[in-house]
Amino acid sequence: MRALLCLFAFCFALALPATAQEAEPTAPAAPDRSVTGGAQTLEDILRRQQGLEVDPRGEALIGDDTAAGMAQQLGTLGGASDSEVWRALRYGYDGVEVSAGGPVARVLMQDGGMAWYEFRSGPLATYGGWLLLGTIGALLLFYLLRGRIMVDGEKTGRTVTRFQAFERFSHWLLAGSFILLGFTGLFVKYGRDYIAPYLGKEFNATLLEASKYIHNNVSWAFMIALVFVFFLWVWHNIPNRHDITWFAQAGGIVGSKHPPAKKFNAGQKIIFWSVIILGGSISASGLSLLFPYELPMFAKTFVILNDIGVPGWLGMAPFPIEMSPQEEMQFAQAWHAIVSFVLMAIIIAHIYIGSVGMEGAYDAMGSGEVDEAWAEQHHSLWLEELREKEKAAPKDATPAE
Amino acid sequence: MKAMMVGFVGIVVIGVAAYFVLEQAGFSSADVFSSPSVRLD
């Protein structure tokens, strides 16, 4: 019997800790939600932000009889639907009236902003960046494979005037402003992601503020130069039959042939029309951005494109023709950036061929004088025209006083 | 080279002129988006 009692006492002693362990995890006390009437509290929100588990008892009570009564200040709408109110705000049939600010201030909700933001920080940044880096990489590869395009044979030492002073001034006005606009635009696009983490937010903020001033004001020099360049060179950039020969011989870039060309060859004509058309489009969207909400142009453009049937050609739904003033700005910004990336890639190639890519090319825009051998090899028809003009001019002619 | 330099100077001149002309003409955001009850400067 004593042994039995001892065994019982031993088993009881063993069982004690286990009982204590089972009793230990007591249910957590319900958070004090008296302030919110039982709904979630600030602590719940903070826990959710930290990824921690939130006591579901707070959420379960939302919208129950804890809600304020219909007649109270924050009461529910009763039979009316909240979602209908939000939908009306979202799609602009809410009848909101404002005493100042016009149509822009009327818009309380504009969900197109999210699509624009995602496009701008997603595909635009990614593909735009790769387009520029890819162009630089392709040119580097081309340089390694082809090397610098040299003048065949000896230079003559005699020069001809390729571009007059005003032509060169206009070119550099356009080129310098475009480079400034390109860099400042890229800073604005990529500064937060690639400059701030390395050089600091303060530096990035200062750089972006300066970029904004430069971008907004230098744009006028670009637009003026674009007009100059158009009128100076449009006549020389009308396509002709020699362009076909130029393309057939790959412009002489691949191989050793020198296709005949007048003042501008087919490759230069592509550059010219790219600058005029894309630069013109960038200027138009840029003006729309410079004077916010004053020059909306996308809804009008989309009406024309829909009438022509462009979306159908691309297998797309008709473009939106009713948009809020803010959406107009978003389309203008997106288009401005897309076209700018394309033009930047083209201009990088132009800078390459006009500098390290071809011997003697820079002189045309530097001093304006090119060697006759260079002119003969790259613009033979233009040189012929120039010589014929010289012959036609009377030798005893004196310049007007 | 001279034409290039003149072109670059032209960018600065046009840019500065544009800034002051637009500022004077009341095209700054502060002017455009302010009203008697909204001051943005």
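Considering only the stretch B:1-16, state which residues are within 18 Å of the chain's Cα centre (by Cα) and within 8 Å of chain A (Cβ to nearest Cβ).
Kept after step one, since they are within 18 Å of the chain's Cα centre (by Cα), are these residues of the stretch B:1-16: B:8-16.
Within the stretch B:1-16, B:F8, B:G10, B:I11, B:I14, B:G15, B:V16 meet the criteria.
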Legend entry - Positions within the stretch A:211-229 being away from chain B (no Cβ under 11 Å) and crowded, with 17+ Cβ neighbours inside 10 Å, in sequence order: A:S211, A:L226, A:V229
Legend entry - Qualifying position, being within 20 Å of the chain's Cα centre (by Cα) and at pLDDT 95 or above, among A:A284, A:A225: A:A284
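With the structure loaded, tell me whether A:F341 is in the same structural domain as A:L145 (by TED's automatic domain parsing), in contact (Cβ under 8 Å) with a residue 24 or more places away in the chain and closer than 22 Å to A:R106 by Cβ or whether it fails that test. I'd like the intermediate steps shown before the answer.
On the way: in the same structural domain as A:L145 (by TED's automatic domain parsing): yes; in contact (Cβ under 8 Å) with a residue 24 or more places away in the chain: yes; closer than 22 Å to A:R106 by Cβ: no.
So A:F341 does not fit the description; no.
Taking the conditions exactly as written (free of Cβ contacts under 8 Å to residues at least 40 places away in the same chain and under 26 Å from A:L174 (Cβ atoms)), does A:P296 satisfy them or not?
Details: free of Cβ contacts under 8 Å to residues at least 40 places away in the same chain: yes; under 26 Å from A:L174 (Cβ atoms): no.
No: the conditions fail for A:P296.
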Legend entry - Which numbered condition A:A317 fails, given (1) more than 22 Å from B:M5 (Cα to Cα); (2) in a helix (DSSP H, G or I); (3) more than 14 Å from chain B (Cβ to nearest Cβ); (4) of a type outside the set (K, R): (2)
Inset, instruction - Check off (1) of a type in the set (A, V, I, L, M); (2) without any contact (Cβ under 8 Å) to a residue 40 or more places away in the chain; (3) farther than 27 Å from A:E384 by Cβ; (4) more than 14 Å from every other protein chain (Cβ to nearest Cβ) for A:L278 and give me the number that stays unchecked. - result: (2)
Legend entry - The one condition in (1) surrounded by 12 or more Cβ atoms within 10 Å (Cβ to Cβ); (2) under 29 Å from A:P259 (Cβ atoms); (3) under 23 Å from the mean Cα position of the chain (by Cα) that A:E167 fails to fulfil: (3)
Inset, instruction - Go through the residues of the stretch A:241-252 one by one and say whether even a single one is out of contact with any Gly (no Cβ under 9 Å at 6 or more places or on another chain), in contact (Cβ under 8 Å) with a residue 40 or more places away in the chain, surrounded by 15 or more Cβ atoms within 10 Å (Cβ to Cβ) and assigned by TED's automatic domain parsing to the domain that holds A:A361. - result: yes
Legend entry - Subset of the stretch A:349-365 (residues that are over 18 Å from A:F169 (Cβ atoms) and touching an Asp or Glu at 6+ places or on another chain (Cβ under 7 Å)): A:G360
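Report yes if A:I351 is in a helix (DSSP H, G or I) and within 14 Å of chain B (Cβ to nearest Cβ), otherwise no. Spell out how you get there, then give the answer.
Details: in a helix (DSSP H, G or I): yes; within 14 Å of chain B (Cβ to nearest Cβ): yes.
Yes.
I'd like to verify a number: residues in the stretch B:21-36 that are outside any loop (DSSP other than H, G, I, E, B) and either more than 10 Å from chain A (Cβ to nearest Cβ) or not aliphatic (A, V, I, L, M) (or both), how many? Break it down stepwise before answering.
Initially, the stretch B:21-36 is screened for residues outside any loop (DSSP other than H, G, I, E, B), giving B:21-24, B:29-32, B:35.
Add one more test, that the residue is either more than 10 Å from chain A (Cβ to nearest Cβ) or not aliphatic (A, V, I, L, M) (or both), and what stays is B:23-24, B:29-31, B:35.
Looking only at that region, the number is 6.
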Legend entry - Condition check for A:L295: in a helix (DSSP H, G or I) and of a type in the set (A, V, I, L, M, F, W, C): no
Inset, instruction - Could you tell me whether the stretch A:346-365 includes any residue that is free of Cβ contacts under 8 Å to residues at least 60 places away in the same chain and within 30 Å of A:R90 (Cβ to Cβ)? - result: no
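Suppose we filter A:L290, A:L314 for residues that are at pLDDT below 95 and surrounded by fewer than 15 Cβ atoms within 10 Å (Cβ to Cβ); which single one remains? Step through it out loud before you land on a result.
Working: A:L290 fails: surrounded by fewer than 15 Cβ atoms within 10 Å (Cβ to Cβ).
Among A:L290, A:L314, only A:L314 is at pLDDT below 95 and surrounded by fewer than 15 Cβ atoms within 10 Å (Cβ to Cβ).
The values are calculated or read from the model by the stated rules, or taken from the named source; none is laboratory data. Since the model is a prediction, treat every value here as computed from it, not as a measurement. Counting neighbours? That spans all protein chains shown, and the Cβs are built from the backbone with ideal geometry, glycine included.
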